[in-house]
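The structure appears right after this line, and notes come after that.
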Amino acid sequence: MGRKSQILLFLVTNLMWGQPTGRSIIEKMDQLKQPIDVKILFKMTLISTKNGKERSRSRELTRIEKKYEDGTFKSKLLLRFSQPKEITGTGFLMWDRIGSDTDDQWLFIPKLRKVKRIRPNEKNRSFMGTDFSYEDLSERDINDDIYEMNGEEISNGTICYKVIAKPKKKGVQYGSRIIWVDKQNSLMKRVEFINKKGELYKILDIPEHVKNRDYWTATKMIMKNLKNNHRTELTMLNIEYDLGLKDNVFTERFLKRN
Amino acid sequence: MNKSLKKIKILLILIILSVASAQINYTGEINPFIMTRTADQSQINLPFRLLSLDVGYSKGPLDLKTVSALEHRYNTSESVYDLREIYLAYYPDWGEVKLGKQIHAWGSADGNNPTDNLNPYDYYYLFKLGVGKKIGVWSISTKLYYGDYQIEGVITPKYEKNRMPYGEKDFPLALAEQPKIEYPVDDELEFGFRVQTTIGENDLGFSIFRGNDRSPSLAAINYIDIQGQKPQMIPQLGYRTTTVFGLDFVTFFGDFTIRAEGAIFQTKTPMIKLNLFKIPTSLYEFQEEVTYSQYVFQIEYTTSSDILITAQLIGNQVGSNSNEWYHSLSRELIEFPNPEFHPGMGTPFAMFSDQVLLFSSSGVLMDDRLELKGSAMLNLDKKGTMINASIGYSPWINWKFELAFIQFSGDNNDPENAFTKMENFSHTRLGLFYNF
């Protein structure tokens, strides 16, 4: 073997071993330290564009979430609206079970004073008229997708790995997602949602993250729906970590207590 | 004197500290509107809730809740304050306990719940959504959450009847004047029990309730027969005692959600307590024992654009009916004609028909700025329809203008048909909502 061939082999081997795989990037992102529970007050702004003019409408809601490691649940989530005043107290509860294709979901409407169980396969539907679907609000299990590395690209001013994630099972609203992961801190910066026909239809941008204690938090998220020229912006107004929330916070009883 | 003053001061400081550490929240709605009769464009004058205010005070596992309203009517410019609910709620780890004047909500269907008889209805607000059409009752309720089970018990020591419009020219189903109740409820205590469980993706509930009818019924007749004059039959009213056995469930079938509930009502005229020394010789008591059932079968579907479409089949059926007339003093059975049976409990829509089909749909457009609602009720028993449509526009957050239209069509050959009577109530409503 000539010297040139030796150098080429060295470079190729090095590149092969040095380049992380799609799964390892997502694993690293998944392994970022996360709080056991979190309470976030955020503003949700729905923005539509017509004839070049933007019109917006805001809502304010609190997201309370707890992660589990008990083998039954992956997480439990409670959302409660505080603005507009007409829907103050409206609440949404979701239990994400490990190994289950569907979540348990309940909705509380104060005017009815009843907790209504919602059809679980509504996960692909829009969450309360926003560009987020119920599925977007729940965290996907790392083992639910197959990952493929797709190079590097700058997103939101950050050098990112680009990973293609394709769902292993059918019944997911999209055909694949392209995920941009910040090279330095392993933070998700952008997700492009591609439908089953191979068309890009939704883009999630996460331009801002802050580090509080040991935890990284996205302070702004923008979900753009390319089909209807509409977007939803989530802005964090207040965040609290590791409050030691009890299980009874994530029950119908607490959902009703507005 | 100084010591007492010191104690009062300490108490006041403790109260202030307690309030300061508690969380007070409130929401309210101001909703002025006018209703114009379709037939002649005249104004419909009925009381309405001009202002609604919910105030909550939370401290640890305790909540104090009040729901109040200011009811106003234009023609008399009268405003009446109504404390609709005031209760203390305690939320221990195992469940909840509530004490005070409160509105309960049982059953799985939306709006029409034959299994939910804990509260009387306010017929002035019959077309309101949810708890808006109910009247609070003083009660203690407790709910235990145990695994997939929810076990609930309610005790009501003080009886409350339906609020019916009397002498209201503008409400066609109203009686000319408030009937005199000769035999008020004797045993006011009412109680209910409900168990709900989750089996897979299905919710199943069973309930029992024992109480008194919310609407009066015939209890006796004072038969005055003076020679040379036409005999007079003066009806005397009371309230029947009713036991309700309810069953409700929620299940999912493909893209559809099915909510259904049914209730069997066993109603009985209670024994009239008469003053032994003053029993009129011409009094004839009416005793009836009726078993009837009501059901609601609801199918709902949400379109991809979040338009909720719901269909409800609401039914009312009389099963067994045994009744007899007898003389109060001699206890001798008498042959009098039997009056028509009217349920004194259950879903208010049963007063319209024995079987109705209700379609409704609602959706929002333009990021919640535009709200569209529509419903149609078809009488399957006799001729009759009700069509209701509304459009709400919210130019600014917490402000909404609403234009609604309601049209009743009955049967010209059947003046007693509830839909025929309601024809003159067809109207257009223009209102403003301000939420705070």
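The values are calculated or read from the model by the stated rules, or taken from the named source; none is laboratory data. It should be emphasised that the depicted structure is a prediction, and the values quoted were computed from it without experimental measurement. FYI the Cβ positions are ideal-geometry reconstructions off the backbone, even for glycines, and counts take in every protein chain you see. Side chains are part of the model used for accessible areas, which takes the heavy atoms of the whole protein and leaves out ligands, DNA and RNA. Shrake-Rupley method; radii C 1.70, N 1.55, O 1.52, S 1.80 Å.
For the range B:58-208, what relative contact order do you get, as a whole percent, if you take Cα pairs closer than 8 Å and at least 6 residues apart?
After rounding, I find 16 percent.
Among the residues of the range A:78-96, which ones have their accessible area go down by 40 Å² or more when all the protein chains sit together, as opposed to their chain alone (1.4 Å probe)?
By number: A:85, A:86.
Could you tell me the convex hull volume per residue, in Å³, taken over the Cα atoms of the range B:157-315?
173
Rank these residues by their accessible area, most exposed first, probe 1.4 Å: A:114, B:6, B:169.
On the way: A:114 30, B:6 135, B:169 190 Å².
I get B:169, B:6, A:114, largest accessible area first.
Evaluate 2.2 N^0.38 Å with N set to the residue count of the range A:22-255, then give the Cα radius of gyration divided by it. Numbers along the way, then the final one.
Values: Rg = 17.6 Å, N = 234, 2.2 N^0.38 = 17.5 Å.
Rg over 2.2 N^0.38 Å, computed on Cα atoms: 1.01.
Just want to confirm a number: the relative contact order over chain A, from Cα pairs under 8 angstrom separated by 6+ residues, in percent.
Rounded, it is 20 percent for chain A.
Name the aspartates and glutamates eligible as straight-distance cross-link partners of residue A:196: C-alpha to C-alpha under 13 Å, and not fewer than 8 places from it in the same chain.
Of all the aspartates and glutamates, none pass the test against residue A:196 - Cα under 13 Å, at least 8 places apart if same chain.
Using the Cα atoms of chain B, I'd like the radius of gyration and the largest Cα-Cα distance, Dmax, both in angstrom.
Just the Cα atoms of chain B yield Rg and Dmax of 24.6, 82 Å.
Work out the length of the dipole vector of chain B about its Cα centre, built from +1 on the beta-carbon of each Lys and Arg and -1 on the beta-carbon of each Asp and Glu, and round it to the nearest 20 debye.
Numbers: 38 positive and 50 negative charges, 372 e Å.
Using Cβ point charges on Lys, Arg, Asp and Glu, chain B gives about 1780 debye.
Mind listing the phi-derived Karplus ³J(HN,Hα) values for the range A:174-184, rounded to whole Hz, using 6.51, -1.76 and 1.60 with θ = phi - 60°, and x for any glycine or proline?
Karplus-based 3J(HN,Hα) across the range A:174-184 equals 10, x, 7, 10, 10, 10, 9, 10, 3, 4, 6 Hz.
So what's the range B:66-118 giving for Rg/Rh, alpha carbon basis, Kirkwood Rh from the mean inverse pair distance?
Here the Rg-to-Rh quotient is 1.13.
Given a cut-off of 29 Å, name the pairs among A:74/A:211; A:168/A:211; A:28/A:168; A:166/A:246 whose C-alpha atoms lie farther apart than that in the structure shown.
Too far apart for the 29 Å limit: A:168/A:211; A:166/A:246.
Along the charge dipole of the protein assembly as shown, which of B:228, A:22, B:36 sits closest to the positive end, that is, farthest toward it, with unit charges on the beta carbon of Lys, Arg, Asp and Glu (+1, +1, -1, -1)?
Value computed over the given set: A:22.
Return the value, in Å² to the nearest 100, of accessible area buried between chains B and A (probe 1.4 Å, both sides summed).
Values: alone 24060 and 15150 Å², together 35410 Å².
Its buried surface, counting both partners, is about 3800 Å².
Cα extents of the protein assembly as shown along the three principal axes, largest first, in whole Å?
Computed over the Cα atoms, the extents are 138, 77, 47 Å.
For the range B:267-414, taking Cα atoms only, what is the radius of gyration to one decimal and the Dmax to the nearest whole Å?
Radius of gyration, then largest Cα-Cα span, for the range B:267-414: 23.6, 73 Å.
What size of dipole, in debye to the nearest 20, comes out for the protein assembly as shown about its Cα centre when the only charges are +1 on Lys and Arg C-beta atoms and -1 on Asp and Glu C-beta atoms?
Around 2800 debye, computed over the protein assembly as shown.
Would you work out what percent of the accessible area of the range A:22-255, with all protein chains in place, is carbon or sulfur (probe 1.4 Å)? Walk me through the intermediate numbers first.
On the way: 5140 of 10810 Å².
Ligands and nucleic acids excluded, carbon and sulfur give 48 percent.
If you take the charge dipole of chain A about its Cα centre, with +1 on Lys and Arg Cβ and -1 on Asp and Glu Cβ, which of A:99, A:71, A:89 is farthest toward its positive end?
Toward the positive end, the furthest listed residue is A:89.
Which of the residues in the range B:360-401 show a loss of at least 50 Å² in accessible area from their chain by itself to the complete set of protein chains, at a probe of 1.4 Å?
B:367, B:368, B:369, B:397, B:398
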